[in-house]
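Colleague: I have a structure here, written as structure tokens, and I will follow up with some questions on it.
The values are calculated or read from the model by the stated rules, or taken from the named source; none is laboratory data. These numbers were taken from a predicted model, which means no experiment stands behind them. When we count neighbours, we look across all protein chains shown, and the Cβ atoms used for this are built from the backbone with ideal geometry, even at glycine.
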Amino acid sequence: MLASDIGFENLGSWLQVLQRIVEHSANMVVITDRDQRIRWVNRAYSAVTGWPLDEVQGKRASEFLHGPLTSQRATAQLKTALSGGRAVSGVELVNYRRDGQAYTVLLNIEPIHDGHGNVAAFFSIQTDISERKRLELANASLQRHLDAAQKLARLGRVEYDHESARTRWSNEVFELLDRAPDDAPHDFAELMEAVPPERREGLRHKLAQSLRTGEAFDEEFPLLSAQGQRRWVRCRGIPDFTGEGYRLPATWTVQDVTVYYELLEERQRTNETLNRVVGERTRQLEEANRTLTDFSHAISHDLKKPIRHMVSFAEILQSMLDAGDLEQARLYGEKVRAAGRHLQTLVEALLRFSRLGRHAVDKQPLALRQTIEPLVAEALATHPERRIEFSGLDSLPVVMADPVLIHEVWVNLIDNAVKYSAQRDPARIAFGCREEAAGWDVWIQDNGRGFDPSQHERILQMFGRACEDPEIAGDGIGLALTQQIVDSHGGRLWGASAPGEGATFHVWLPKPAAP
């Protein structure tokens, strides 16, 4: 840069020339000797640092510019480079003004060589970048706040470049798609591929409409992530106006609204559950009304018969006593007592039936074998004089049922099977089951007298009996009670038979609904 005949002794003359060139430069200019001691500074340097030339001449910058925030590592690297006569470019350093205020400077230092190639001095151009650094920090802070706000709002951003027709995505978009973030450009089609096929055509139509009218594109639709997760998003963008028409928005927002849709789906499931509950309550109310009708019928009709008999027998008994015919009086007294016992049996059966309606169904896993085995043992102990063969207990499944109520079901069914097979030797009673997709079909089969299929509906009603044989005890309540219990479980009860061929009664119980 200097003429070969300019040595260190003539550097002052050279500085006067240089001073005229750089005196009014906005950048700070510093010239030091080869030991980095200041020989000259321009006005900009004094204006920024507060130090005039006469107070810093002969000093090193480290003696009055460095402070707590000055990087020791950077200054050490500077010293090493300059000691080796190497240039320094683009180094940022925190210095301190004369009043103690910190500022950031960008350093560019070039060595000045003499005619022999030795370093004679250093020429430094310095730029005060404090304001730029402040703006960079402010922008970085603003970006952090924006990123945090986007993360909290689950709001992603897609930037579309019209020249390349490529997009760049924010981290939130990658998270939505279960993909690792990158800085590479992506095709717009990649986003569309994440949309379920059945929704794509509708979105294309909406986008075309937005580009025709200039109205904002604002749609909610599902996305399928790389892991197969279904997420709902709200995508918005305002078309760019070119002066001749509209083109794709340069900036899109993609907001994760999955939680909102999950709440909607949960509300829908709750409503469906409530509807099912209301439907079940309605069914139970209808069943209760039907039961009430049965009670009314029982009270008005079936209970009248034993009461009428009691009154008639009592009147005859009275006449026999008046006539002094004690033998006949005892006979009719026994008939009055028998009618009273029959009436008592009917009333107790009605009370059992009514109590069932007040028992809440408490379904739980129930091994039917454990429920039925004690009942089988009780039946055998009650009829020691009979040969009764039970089979099929090992096949019985585990069902979801109320232990108390289901116990009553099998009490009635086993009692019927034992009673109506009394004329068989041996009486054979078999249990069986079949698993179905929605439930279990469990049955009990006997080789008893059976019943006419035309009586099927009647025997499941209150006081309905398949046989009026007085030798077979019963009140016609058991199967009606069983029917109501099975109904309360959402199941079905039905029988199959023919006279003289035994009977089979099926109890179908549903499996728990899938969650």
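Colleague: Pick from the range 313-367 the residues that are closer than 30 Å to PRO512 by Cα and of a type in the set (D, E, K, R): which of them is modelled with the highest pLDDT? Please lay out each step first, then the result.
Modeller: Step one: list which residues in the range 313-367 are closer than 30 Å to PRO512 by Cα, which gives 352-367.
From the residues that got through so far, the ones that are of a type in the set (D, E, K, R) too are 352, 355, 358, 362-363.
Values: ARG352: 60, ARG355: 63, ARG358: 55, ASP362: 80, LYS363: 87.
Selected residue: LYS363.
Colleague: Here is a follow-up. Quick test for you: out of ALA61, ALA121, pick the one residue that is of a type in the set (A, V, I, L, M, F, W, C) and in contact with an Asp or Glu (Cβ under 6 Å, 6 or more places away or on another chain).
Modeller: Values: ALA61 fails: in contact with an Asp or Glu (Cβ under 6 Å, 6 or more places away or on another chain).
It is ALA121.
Colleague: Right, next: Residues in the range 195-202: is at least one within 17 Å of LEU223 (Cα to Cα), in a helix (DSSP H, G or I) and of a type in the set (Val, Ile, Thr)? Explain how you work it out, then say what you get.
Modeller: Initial filter on the range 195-202 (within 17 Å of LEU223 (Cα to Cα)): 195-202.
Among the residues that remain, those that are also in a helix (DSSP H, G or I) are: 197-202.
So of that shortlist, the ones also of a type in the set (Val, Ile, Thr) come out as none.
The answer is no, given that none of the residues of the range 195-202 is within 17 Å of LEU223 (Cα to Cα), in a helix (DSSP H, G or I) and of a type in the set (Val, Ile, Thr).
Colleague: So which of GLU92, GLU110, GLU63, GLU55 ends up being modelled with pLDDT of 90 or more, under 15 Å from PHE123 (Cα atoms) and out of contact with any Gly (no Cβ under 9 Å at 6 or more places or on another chain)?
Modeller: Working: GLU92 fails: under 15 Å from PHE123 (Cα atoms); GLU63 fails: under 15 Å from PHE123 (Cα atoms); GLU55 fails: under 15 Å from PHE123 (Cα atoms).
Selected residue: GLU110, the only one of GLU92, GLU110, GLU63, GLU55 that is modelled with pLDDT of 90 or more, under 15 Å from PHE123 (Cα atoms) and out of contact with any Gly (no Cβ under 9 Å at 6 or more places or on another chain).
Colleague: Turning to a different aspect of this structure: Looking at (1) at pLDDT below 95; (2) in a strand (DSSP E or B); (3) not acidic (Asp, Glu), which one does VAL404 not meet, given that it meets all the others?
Modeller: (2)
Colleague: Checking the condition of a type in the set (Val, Ile, Thr), outside any helix (DSSP H, G or I), assigned by TED's automatic domain parsing to the domain that holds PRO499 and buried (at least 16 other Cβ atoms within 10 Å of the Cβ), which residue from VAL409, VAL442 passes? It would help to see each step written out before you state the result.
Modeller: Values: VAL409 fails: outside any helix (DSSP H, G or I).
The unique qualifying residue is VAL442.
Colleague: Restricting the range 95-117 to residues that are touching a residue at least 60 places away in the same chain (Cβ under 8 Å) and in a loop (DSSP other than H, G, I, E, B), which is surrounded by the fewest Cβ atoms within 10 Å (Cβ to Cβ)?
Modeller: GLY115
Colleague: With the condition kept exactly as written, say whether any residue in the range 124-147 is at pLDDT below 85 and closer than 24 Å to GLU220 by Cα.
Modeller: Within the range 124-147, one or more residues are at pLDDT below 85 and closer than 24 Å to GLU220 by Cα.
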